[in-house]
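The values are calculated or read from the model by the stated rules, or taken from the named source; none is laboratory data. Since this is a predicted model, take the numbers as computed values, not measurements. Every residue, glycine among them, receives a Cβ derived from its backbone with ideal geometry; neighbour counts consider all protein chains shown.
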There are 2 protein chains.
Amino acid sequence: MNFCPHCGSAEISKLIPAGDNRPRLVCGACTTIHYRNPKIVAGCLPVWEDKVLLCRRAIEPCYGLWNVPSGYLENGEGVEAGAIREVWEEAAAKVELTYLISLYNLEKINQIYLQFVGELVEGKFAVGEESLECQLFTEADIPWDEMAFTSSTFTIKRHFLDRRDGTQRLHRASYPTL
Amino acid sequence: MNFCPHCGSAEISKLIPAGDNRPRLVCGACTTIHYRNPKIVAGCLPVWEDKVLLCRRAIEPCYGLWNVPSGYLENGEGVEAGAIREVWEEAAAKVELTYLISLYNLEKINQIYLQFVGELVEGKFAVGEESLECQLFTEADIPWDEMAFTSSTFTIKRHFLDRRDGTQRLHRASYPTL
């Protein structure tokens with residue numbers, strides 16, 4: 001932040017406001033405190049029979065690597081709606097959410113992943129705008145060495161674990177847990 | 001947003017950028033797109049024996065009403081750490097988190113509540129800076145008509161439900177579910 005979005009002043013300082021205990025961006029002209037907070041990345045692992053649907057990213061970061069369909073939650077949107085939207089955007093697929101499988105903190109980059117498992121409706125999918133390709137993988141075929149993000153690896157592993165155990169658990173972890 | 005935080009221009013417009021499908025705040029001078037995303041409100045319902053700890057708010061909004069200790073997640077913080085911090089700030093109490101009990105969407109005000117149940121360590125608490133008072137309540141004594149937020153009512157009800165059933169479930173809903 002170079003300029004105060006409220007008054008336009010360039011007098012932006014990082015300081016601990018009175019009554020607070022963390023440094024904030026504060027405008028020296030209008031005194032507005034500009035808070036910054038983590039973003040939610042909502043996603044869903046689509047499941048069809050014994051396979052899961054992954055997408056190969058057509059966008060940076062991690063262009064060309066595989067991922068669980070996920071993206072920033074939008075204003076006005078609930079987490080479930082965001083997860084369903086991301087599957088549509090990345091894989092042109094509809095899902096019926098089954099359960100929230102992972103809460104994954106990336107504290108250093110201010111992201112909190114919330115990923116569901118969902119049933120891929122009628123097993124149908126195509127290739128969404130943000131993907132190079134989309135593909136169903138059995139556990140044995142997952143391209144573990146070509147995954148875009150640790151959060152995806154975490155969620156996919158937990159899905160197959162839950163399936164073996166016949167449970168539906170929320171798994172919580174922070175980066176760099178796999 | 002009156003001025004672009006990047007270049008200081010007042011030419012801020014709400015429009016749908018090329019390749020996007022939602023209106024964004026865009027700077028007409030430097031072309032920066034200013035995304036806005038929901039905030040996470042992290043919290044924890046502290047439990048001691050057959051009681052839960054609630055705090056009466058010393059701050060607006062809802063000054064004087066009761067609440068589950070909760071607040072905005074900070075940059076650099078995981079959801080669990082945020083929930084533990086909020087209990088400390090509001091009730092000067094330590095908790096050991098048991099499980100995530102609720103994901104509660106408030107789409108219209110761009111807030112996503114993530115609240116845990118936690119064990120109140122040694123049953124100890126005081127009154128935090130942001131509270132007028134803190135008090136342990138049995139289910140029969142909960143001040144249902146003086147609750148600050150629907151998210152708190154939702155979480156407290158689900159806690160007593162889970163306890164009766166002997167389960168630890170994640171409950172998901174959107175405002176105004178109670």
Right, A:A91: crowded, with 18+ Cβ neighbours inside 10 Å, more than 14 Å from every other protein chain (Cβ to nearest Cβ) and of a type in the set (G, A, S) or not? yes
So which pairs qualify, if the first residue must be in the stretch B:150-166 and acidic (D, E), the second must be not in a helix (DSSP H, G or I), the Cβ gap must be under 8 Å, and the two must be at least 6 apart or on different chains? B:D162/B:I101; B:D162/B:V117; B:D162/B:Q168; B:D162/B:R169
Single unsatisfied condition, B:F116 versus (1) crowded, with 22+ Cβ neighbours inside 10 Å; (2) more than 13 Å from every other protein chain (Cβ to nearest Cβ): (2)
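Output the residues belonging to the stretch A:124-141 that are farther than 15 Å from A:P69 by Cβ and surrounded by 14 or more Cβ atoms within 10 Å (Cβ to Cβ). So that I can check it myself, show each step before the final result.
Kept after step one, since they are farther than 15 Å from A:P69 by Cβ, are these residues of the stretch A:124-141: A:138-141.
Hit for the stretch A:124-141 is A:E139, nothing else.
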Scope the stretch B:19-34; condition assigned to a loop (DSSP other than H, G, I, E, B) and either assigned by TED's automatic domain parsing to the domain that holds B:A148 or touching a His at 6+ places or on another chain (Cβ under 7 Å) (or both); matching residues: B:C30, B:T32
Check off (1) buried (at least 22 other Cβ atoms within 10 Å of the Cβ); (2) more than 11 Å from chain A (Cβ to nearest Cβ) for B:G82 and give me the number that stays unchecked. (2)
Could you tell me whether any residue of the stretch A:37-52 is closer than 28 Å to B:L106 by Cβ, small (G, A, S), out of contact with any strand residue (DSSP E or B) (no Cβ under 6 Å at 6 or more places or on another chain) and in contact (Cβ under 8 Å) with a residue 24 or more places away in the chain? no
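Among the residues of the stretch A:139-146, is there at least one that is assigned by TED's automatic domain parsing to the domain that holds A:V47 and either part of a strand (DSSP E or B) or under 22 Å from B:I101 (Cβ atoms) (or both)? I'd like the intermediate steps shown before the answer.
Narrowing the stretch A:139-146 to residues assigned by TED's automatic domain parsing to the domain that holds A:V47: A:139-146.
If we keep only those that are either part of a strand (DSSP E or B) or under 22 Å from B:I101 (Cβ atoms) (or both) too, we end up with none.
No, the conditions are met nowhere in the stretch A:139-146.
For B:F160, indicate whether it is in the same structural domain as B:G82 (by TED's automatic domain parsing), touching a strand residue (DSSP E or B) at 6+ places or on another chain (Cβ under 7 Å), modelled with pLDDT of 95 or more and among the hydrophobic types (A, V, I, L, M, F, W, C). Working first, answer last.
Values: in the same structural domain as B:G82 (by TED's automatic domain parsing): yes; touching a strand residue (DSSP E or B) at 6+ places or on another chain (Cβ under 7 Å): no; modelled with pLDDT of 95 or more: yes; among the hydrophobic types (A, V, I, L, M, F, W, C): yes.
No, not satisfied.
Is one or more of the residues making up the stretch B:14-27 over 19 Å from A:V41 (Cβ atoms) and of a type in the set (S, T, N, Q)?
First, pick out the residues of the stretch B:14-27 that are over 19 Å from A:V41 (Cβ atoms): B:14-19, B:23, B:25-27.
Those left that are additionally of a type in the set (S, T, N, Q): none.
The answer is no; no qualifying residue exists.
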Please find, among A:N75, A:N110, the residue that is among the polar types (S, T, N, Q), more than 16 Å from A:T150 (Cα to Cα), out of contact with any Asp or Glu (no Cβ under 7 Å at 6 or more places or on another chain) and facing another protein chain (nearest Cβ under 9 Å). A:N75
Quick check on the stretch B:53-69. Is at least one of its residues away from chain A (no Cβ under 11 Å), touching a residue at least 24 places away in the same chain (Cβ under 8 Å), among the small types (G, A, S) and at positive phi? yes
Kindly indicate whether B:S13 is touching a residue at least 24 places away in the same chain (Cβ under 8 Å) and within 27 Å of A:P5 (Cβ to Cβ). no
B:I142 vs. criteria β-branched (V, I, T) and within 14 Å of chain A (Cβ to nearest Cβ): no
Checking A:E77 against (1) acidic (D, E); (2) buried (at least 22 other Cβ atoms within 10 Å of the Cβ); (3) at positive phi, the condition it does not meet: (3)
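Quick one: which of B:S9, B:S13 is within 11 Å of chain A (Cβ to nearest Cβ) and either farther than 30 Å from B:Y104 by Cα or surrounded by fewer than 15 Cβ atoms within 10 Å (Cβ to Cβ) (or both)? Even if it seems obvious, please write down each step before you answer.
Numbers: B:S13 fails: within 11 Å of chain A (Cβ to nearest Cβ).
Just one listed residue meets the conditions, B:S9.
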